[in-house]
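To start, the structure under review is shown below, and the notes come after it.
No lab work stands behind these numbers, since they all come straight from the coordinates. Model, not experiment: these values are computed from the prediction. Counting neighbours? That spans all protein chains shown, and the Cβs are built from the backbone with ideal geometry, glycine included.
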Amino acid sequence: MNTVIFRTLAPLIVAIMLVFSIYVCLRGHNEPGGGFIGGLIAAAAIGVFGMAEGVDKVRRALRADPLAIAGSGLLLAGFSGLLSLFTQSPFMTSIWLYVPLGESEVPLSTPLFFDLGVYLVVFGTLSAIALSLESDREEDL
């Protein structure tokens, strides 16, 4: 799929998909959505970008190996579960911290960091698969 229309619209589509994936991820521990769905949407955006621009350009844009992103997400998700051990609570017990920001408070929690870790694992793994498949397709052409 190498049409001028697709190559022109792909950056806009990718930007919208990435912003929406972050939105879905961040609202996920309170409402439907979360790290898994957000990671799927972001990986789909990388797939669209890869079809439009090529694998080399996508790898340069990511600036990190997708499997390294997945590994950092796994560490983040695991560490968020281990934090409960410092409060003498069972593994994966939620811990909330309310950070004052101006006249309001921003709640930070271990479920949020777990969701971010899952997001990175899903995004990194599926991006690596998509880029591998796309590079195989480019070699066949």
(request) Compute the long axis of helix 4-27 from its Cα atoms, compare it with the longest principal axis of the Cα atoms of the chain, and write down the angle in degrees, 0 to 90, nearest 10. (result) 10
(message) Tell me the angle of helix 35-53 to the major Cα principal axis of the chain, expressed in degrees between 0 and 90 and rounded to the nearest ten.
(response) 20
(request) May I ask you to evaluate 6.51 cos²θ - 1.76 cosθ + 1.60, the Karplus curve with θ = phi - 60°, for each residue of the range 56-63 and list the ³J(HN,Hα) values in order in whole Hz, giving x for glycine and proline? (result) 4, 5, 5, 5, 5, 5, 6, 6
(message) So, R0 is 35 Å and r is the distance between the beta-carbons of SER89 and ARG27; what FRET efficiency does that work out to, to 0.05?
(response) 0.90
(request) Enumerate by residue number the GluC sites (Glu not before Pro) in the range 49-114 meeting two conditions: DSSP loop (anything except H, G, I, E, B), and at most 16 other Cβ atoms within 10 Å of the site's Cβ. (result) GLU103
(request) Report, please, the projected area of the chain averaged over directions, based on the convex hull of its C-alpha atoms, in nm². (result) 10.4
